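Notes to accompany the following structure.
Since every read-out is calculated from the coordinates, none of them should be taken as a lab result. As the structure is a computational prediction, the values presented were derived from the model and not from experiment.
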Amino acid sequence: VVNEISPELGLKPRIMPWSGSLDDGIRAVESYLDREEIRKVVLVAAGSGAGVALKIAAQQPQRVEKLILDSPLVLLDKKQLKQAKSALKVIPGFLFRKQSKKDVLSQLEKAQEEPTPAFGQAHTPTLIIQGGAAKNAQGTALAEQLPQVTSHLIDGAGHLTYRTHGSETGWALNNFLKS
């Protein structure tokens, strides 16, 4: 996606990797923005990063000018959590890099107990991009919660549209940023 951002927009893209819980992601992004003294930002997030971006936008509306969310995954229902736990149990521990397998499983347990976040508190203009081949009920439900949302569906794209349809995702992103 970074390569698809139009230079005429004058934006300086930065990639902010994070891992862990929603709160870990929020702390990592806010720490980076503070350290770099970035006072105005457009947050682009995919999958579970959407929750981080939405929470930051709700907590710091003066800082976040726009949100772009690709295939947002903001919560897991009980069935999804059970499937994720089952899958994690068979994945070798060395694949978890900075976190231990036990910590990740613990975070999933904690996620089951936490109330669903109220993402509708973010009043930032938001673009939700979804793939037509992926049934993402969360993106649709999220669009109904947000007061200033534009949705863009990319036919033939699955989850995380930028991976398979980068230029189309870039087109939607650039049009939204120009508006």
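Based on the alpha-carbon gyration tensor of the range 1-44 and its eigenvalue square roots a ≥ b ≥ c, which shape applies: rounded if a/c is under 1.5, prolate if not and a/b is larger than b/c, or oblate? The shape class here is oblate. Under 5 Å between amide hydrogens, built in the peptide plane, is the criterion, and for Val44 it picks out Ile68 among residues at least 5 positions away or on other chains. Here the contact order of the range 1-58, divided by its residue count and restricted to Cα pairs under 8 Å and six or more residues apart, works out to 31 percent.
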